[in-house]
Amino acid sequence: SIKAIESSSKEDDTMWLTYWVVYGCFGLAESFSDIFLYWFPFYYAGKCLFLLWCMAPITWNGSQVIYQSIIRPFFLRHRETVDNMLDNLSTKA
């Protein structure tokens, strides 16, 4: 990520920032479902393959697919609510 930020091209910045957004959402979802998921055989191997797909240097990598089809539409639908909550938190702080 640091190499992407320091490079002259901004295209790789977007790729890695997208990966970290997807990874954060995945980690959040996994923290709630980990109690059940670790019972599945090869869960950790599947998780590793999923994260490798998300990092793959291809145009249809997992981060782009998941961000464009799930995270971005959800965020755009709830953008105003999130902005209002952040404004309320910043005034209270």
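Bear in mind these aren't lab numbers, they're just calculated from the coordinates by the rules spelled out. Predicted, not measured: the structure shown is a model, and the values here were computed from it. Backbone-built Cβ (ideal geometry, glycine too); neighbour counts: all protein chains shown.
Below are the figures for this structure:
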read-out: Residue that is surrounded by the fewest Cβ atoms within 10 Å (Cβ to Cβ), among those in segment 51-93 that are under 14 Å from residue 26 (Cα atoms), without any contact (Cβ under 8 Å) to a residue 24 or more places away in the chain and in contact with a Gly (Cβ under 9 Å, 6 or more places away or on another chain); value: 52
read-out: Residues of segment 42-57 satisfying the condition of being hydrophobic (A, V, I, L, M, F, W, C) and under 17 Å from residue 17 (Cβ atoms); value: 51, 54, 55, 56
